[in-house]
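The values are calculated or read from the model by the stated rules, or taken from the named source; none is laboratory data. Everything numeric in this text was worked out from a predicted model, so none of it was measured. Every residue, glycine among them, receives a Cβ derived from its backbone with ideal geometry; neighbour counts consider all protein chains shown. The accessibility values were calculated without ligands, DNA or RNA, using every heavy atom of the protein model including side chains. Shrake-Rupley method; radii C 1.70, N 1.55, O 1.52, S 1.80 Å.
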Amino acid sequence: MVQLKNLCLCFFYCLLFLVGCKSIPKRDKIHNEVIYHVFQRSFYDSNGDQHGDLNGIRLKLDYLQNLGVTSILLTPLYESVYYHNYYATDFEKIDPQYGTEEDYIALVKAIHERGMKIYMDMETQYITEDHLWWRDSYSNPASEYSDYIIYNDSAQTKPESIVFNLTELLGYDGTVRKITTVNLKAEAVKDYNIKLFKYWLDPNGDGNFDDGVDGFRLDHMMDDLDNKGILTNLFETFWVPLITELKAVNPNLRIMAEQADWLSYGFDYLERAGVDAVFAFRVQQATRTLDKAKIEAFADTTFGNTPRNKAQIMFIENHDIPRFAIVVDRDPGKLKVGAAINTLIGGIPSIYYGQEIGMLGNAEFGKYGKVITDANEIPSREAFEWYAGNAGEGMAIWYKDSGPWWDESKLKPHDGISLEEQENDSLSIWRFYQTLLNLRKDNHALTNGDYIGVSNDNKEVLTFLRSSMEQTVLVAVNLSSSNQKCTLDSSSMRGQNLRGIFESPENTTITAKKKRLSLPPYGLQIYEVK
């Protein structure tokens, strides 16, 4: 039996060599997820106060599962004066506009009962002047929290700035709070974080994780925080000890890091910081250009160098950048190309709420004045559009009539951008996402297969393999607005037959002698390699 298994493995690797793989497959088994990145304040309002909340997410779990989502990533829940809940007032309290701790536990249990996962976003590197550590230690060297904050003077009246050297932030509602950096070198701070994170793993401490998160997203994670040379070597001294302690509680915990440098591939985070996944920023950036050469180059590097049993999270939108529909000017074909690459090219797909219906919104740094304000990102965090008329139960328009971001809102009635208008439309972008996620679920190679670039003779057609032990699939995407033909590199597909499984005639088979594909404008074709 062992000899037979070894012979099969040898045949498999030889087969991969013949189909022109550019890297040796790594057989990861950790990609069985589709993440829905939800900005909960803008998702669904369950109690009529116009703020999206935890019960609102629970009410929409059927919707998310119907779409094909398996995991939910929340933005921060902790109490803050800011609408996005970054920069905490109290890490241990849930923002009351989201609900109670009982509401939170009910949501987590409901998610787990469906076989889904939940991830919590955490950023404990910064606090506002409202936080106990600041209030007690400011101008009080005798405070027990003096070491929790970085002060630049012995009198403790000059707290260290945060990223971009900010010392305060203007909220969209006129709120201004001073902000400072937490001393992650302090043992007491590290111990506090370990206790805090452990609590969310198992809130009632009974060893049963049905009420705990499945993992965390670590926002703005760095080895040298903000490149100031003040908090250095944090991977070794802070993050690895924290993650080690957490995984001792729950070995199945998944940690994803948002690398602060968006030009980074994140390999050092995967190799040195103990995290399980990072965000595929370079592939995301290339995808938004629809430039084949850039997509291929960054995909080859990203997926070819990701360590075994680690993951890249593939996305084209998040809460910090303009929505993809803005970038491509709502072009239906380009929206579908983005969806195809987002969900099929590799890693763990992450879909930002509203992306699946083509929501609009342009986050622009400095758009609303020279003073940095969190209002600049509101356009990419607008209320999910449930209804054709943009009015109805659950609409989370918490920012209504609050400023120019509302006056310039992209929420327009009967413009085709709503779930109500798209859910039953077989040609909608929503239906396209649902179809792709179902296809991904039904084909092992599209879930856990390695990315392998495949050459062709057309600069407008992107072709690649997804290959697992069980299956090999070829994906072809027309990046242009015109009909395209391409011939696959003869060394890429030698001796293989291709059976169409998406957007090609039923039972279509392309043999080794016929490796020429024809794709309609912005067309997608998927073939099982036989």
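What to note about this one:
- Here VAL240 meets each of (1) under 26 Å from the mean Cα position of the chain (by Cα); (2) under 27 Å from ASP130 (Cα atoms) with one exception, condition (2).
- Number of the exception - LYS190 against (1) over 18 Å from ALA248 (Cα atoms); (2) under 28 Å from the mean Cα position of the chain (by Cα): (1)
- Listed conditions (1) assigned to a loop (DSSP other than H, G, I, E, B); (2) among the basic types (Lys, Arg); (3) modelled with pLDDT of 95 or more are all met by ARG27, apart from (3).
- Single residue of segment 450-478 satisfying the filter (assigned to a loop (DSSP other than H, G, I, E, B) and open to solvent by less than 10 Å² (accessible area, probe 1.4 Å)) that is nearest to LEU290 (Cα to Cα): VAL454
- Close contacts from segment 100-122, counting a first residue that is under 25 Å from ALA257 (Cα atoms) and a second that is open to solvent by 10 Å² or more (accessible area, probe 1.4 Å) and assigned to a helix (DSSP H, G or I), with Cβ to Cβ under 7 Å and a gap of 6+ residues or different chains, come to LEU107/ARG58; LYS109/ASP210; HIS112/ASP210; MET120/TRP200.
- Inter-residue pairs, beta-carbon under 6 Å, first at positive phi and in segment 44-56, second surrounded by fewer than 24 Cβ atoms within 10 Å (Cβ to Cβ), 6+ apart: GLN50/ILE397; GLN50/TRP398
- Scanning segment 205-225 for residues that are open to solvent by 10 Å² or more (accessible area, probe 1.4 Å), of a type in the set (D, E, K, R) and under 18 Å from LYS117 (Cα atoms) returns ASP210, ASP214.
- Note on segment 82-102: residues that are of a type in the set (A, V, I, L, M, F, W, C) and within 18 Å of GLN50 (Cβ to Cβ) total 0.
- Segment 337-364, residues that are part of a loop (DSSP other than H, G, I, E, B) and at negative phi: ILE345, TYR353, MET359, LEU360, ASN362, ALA363, GLU364
- Residue list for segment 272-313, restricted to those being over 21 Å from ASP214 (Cα atoms) and of a type in the set (D, E, K, R): ARG272, ARG282, ARG288, ASP291, LYS292, LYS294, GLU296, ASP300
- Test result for ASP202, surrounded by fewer than 20 Cβ atoms within 10 Å (Cβ to Cβ) and without any contact (Cβ under 8 Å) to a residue 40 or more places away in the chain: no
- Residues that are modelled with pLDDT of 95 or more and more than 26 Å from ALA273 (Cα to Cα) number at least 2 in the following strands (runs of 3 or more DSSP E) confined to segment 144-240: 168-170, 176-181.
Here is a yes/no grid of residues against (1) more than 35 Å from the chain's Cα centre (by Cα); (2) under 20 Å from SER467 (Cβ atoms); (3) modelled with pLDDT of 85 or more:
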| position | (1), (2), (3) |
| --- | --- |
| SER482 | no, no, yes |
| ASP489 | no, yes, yes |
| SER492 | no, yes, no |
| GLY495 | yes, yes, no |
| GLY500 | no, yes, yes |
| ALA512 | yes, yes, no |
| LEU517 | no, yes, yes |
| LEU524 | no, yes, yes |
| VAL529 | no, yes, yes |
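Each row is one residue, and each column tells you yes or no for (1) of a type in the set (Val, Ile, Thr); (2) crowded, with 20+ Cβ neighbours inside 10 Å; (3) on the phi > 0 side of the Ramachandran plot.
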{"site": "LEU107", "(1), (2), (3)": "no, yes, no"}
{"site": "ALA110", "(1), (2), (3)": "no, no, no"}
{"site": "TYR119", "(1), (2), (3)": "no, yes, no"}
{"site": "GLU129", "(1), (2), (3)": "no, no, no"}
{"site": "PRO141", "(1), (2), (3)": "no, no, no"}
{"site": "PHE164", "(1), (2), (3)": "no, no, yes"}
{"site": "GLY174", "(1), (2), (3)": "no, no, yes"}
{"site": "THR181", "(1), (2), (3)": "yes, yes, no"}
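- Residue within segment 78-88 that is more than 27 Å from GLN422 (Cβ to Cβ), charged (D, E, K, R) and open to solvent by 10 Å² or more (accessible area, probe 1.4 Å) present: yes
- The listed residue being closer than 20 Å to ASP320 by Cβ and either out of contact with any Asp or Glu (no Cβ under 8 Å at 6 or more places or on another chain) or part of a loop (DSSP other than H, G, I, E, B) (or both), out of TRP386, TRP405: TRP405
- If only residues of segment 408-429 that are open to solvent by 60 Å² or more (accessible area, probe 1.4 Å) and under 16 Å from ALA325 (Cα atoms) are counted, the one that is farthest from the chain's Cα centre (by Cα) is LYS412.
- In the condition set (1) closer than 14 Å to GLU123 by Cα; (2) surrounded by fewer than 17 Cβ atoms within 10 Å (Cβ to Cβ); (3) without any contact (Cβ under 8 Å) to a residue 40 or more places away in the chain; (4) not aliphatic (A, V, I, L, M), TRP239 is compliant with all but (2).
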